[in-house]
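**Student:** One structure, as structure tokens, below. Some questions next.
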């Protein structure tokens, strides 16, 4: 399992020090059903804006 999850979304409440995800869980979904063909077909549902 990953030790660090990197994140470049500066306005997410889970973003720690501008580059790491500090969420206790991460929920990623596919736009195309159960299988994604590439990263553009996925989204992080853990995102919460901090503004």
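**Student:** Along each of the three principal axes of the Cα atoms of the chain, give the extent in whole Å, ordering the values from largest to smallest.
**Tutor:** 31, 27, 16
**Student:** Distance in nm between label sites at residue 30 and residue 45, each 7 Å beyond Cα in the beta-carbon direction?
**Tutor:** The modelled label-to-label distance comes out at 1.4 nm.
Readers should treat all values here as calculations from the given coordinates under stated rules, not as data from a laboratory. Being a predicted model, the structure only gives us computed values, none of them experimental. Backbone-built Cβ (ideal geometry, glycine too); neighbour counts: all protein chains shown.
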